[in-house]
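Written out below as structure tokens is the structure these notes cover.
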Amino acid sequence: MSADRPLVVLAGPIHADGHANLETGARVVVCDDETEAGLVKVAAHAQGILFRSKPRCTESLMAACKELQVVGRHGVGLDTVDIPAATRLGVAVVHAPGSNSQAVAEHALMLMLVCVKKTLYQDKLTRAGDWGAKRGSATTPHTELEGKTLGIVGIGNVGRRVAKFGGAIGMTVLAYDKYVAAAEIRRRRRCCPGSIS
């Protein structure tokens, strides 16, 4: 690999395809040490660092990496990055908003269905050999999501998808987000009829 290509340090392993993609334009090193001190040892001369969840991207970490030009978050959210410090130090900050929104929304829907359908309880009985048709029916009434009210706090990328799923199932969806104006929530409701109130 050519030493004139930028050095990018991964704070933990990422998917092989992503790693290979980075290597087309940079020298890539993976740091498995999740401490700030461990990452600084590996990234002291890096031009870029790609963070997963640990360590936090602090002012002291960025200041210790004298050639640092950009930090990135593998995924969404920048709550682990000291944005004001990055701005003061002239370090660009990037992330991938929406990259896992569908998966997270599907997971939320799955958890709702698991709860209302008593999936774990039914699984436990089945694994114990109880194949009775009436098992648990006296203590576990039949429940459906249709007609229920779903409250969503935070109607961003994930919340909008969960609202759409809830509306498609026939739920009444109420949404609140202190960062989204009520008029915008109503506009999103028109885009997804029957999903957001």
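The values are calculated or read from the model by the stated rules, or taken from the named source; none is laboratory data. Everything numeric in this text was worked out from a predicted model, so none of it was measured. FYI the Cβ positions are ideal-geometry reconstructions off the backbone, even for glycines, and counts take in every protein chain you see. Remember, those area values only see protein heavy atoms, side chains included, never the ligands or the DNA or RNA. Shrake-Rupley method; radii C 1.70, N 1.55, O 1.52, S 1.80 Å.
What the table shows:
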| item | result |
| --- | --- |
| Cβ crowding within 10 Å averaged over residues, with 151-159, 74-82 ranked highest first | 151-159, 74-82 |
| Taking the chain and dividing mean pair separation by its residue count, relative contact order in percent (alpha carbons under 8 Å, at least six apart) | 13 |
| Most fluctuating residue given options PRO55, PRO84, PRO13, as computed from a GNM of the chain linking Cα atoms under 10 Å | PRO84 |
| Mean ellipticity per residue at 222 nm, deg cm²/dmol - from DSSP H runs of n ≥ 4 across the chain, formula -39500 (n - 2.57) | -11500 deg cm²/dmol |
| Rounded, prolate or oblate (a/c below 1.5 giving rounded, otherwise prolate when a/b exceeds b/c) for region 1-71 by Cα gyration tensor | oblate |
| On Cα atoms only, tilt of 101-116 relative to the major axis of the chain in degrees | 30 |
| Residue-normalised accessible area of region 69-189, expressed per residue, 1.4 Å probe, Å² | 64 |
| Under 5 Å, built H, 5+ apart or other chain: amide partners of LEU174 | LEU150, GLY151, ILE152, SER197 |
| Entries in LYS117/LYS148; LYS118/LYS178; LYS54/LYS124 that, when Cα-Cα distance is taken, lie over 24 Å | LYS118/LYS178; LYS54/LYS124 |
| Accessible surface of LYS117 - all protein chains present, 1.4 Å probe, nearest 10 Å² | 90 |
| Within-11-Å neighbourhood charge of ILE169 [Cβ basis; K, R +1; D, E -1] | 0 |
| Gap separating the Cα centres of region 45-99 and region 17-43, nearest whole Å | 13 |
| Stretch gain in nm, segment GLU184-ALA37, where the contour uses 0.36 nm per residue and the Cα spacing is subtracted | 48.5 nm |
| Convex hull volume per residue for the chain, taking Cα atoms only, in Å³ | 183 |
| Under-5 Å amide H pairs with GLY12, H placed in peptide plane, nonlocal only | CYS31 |
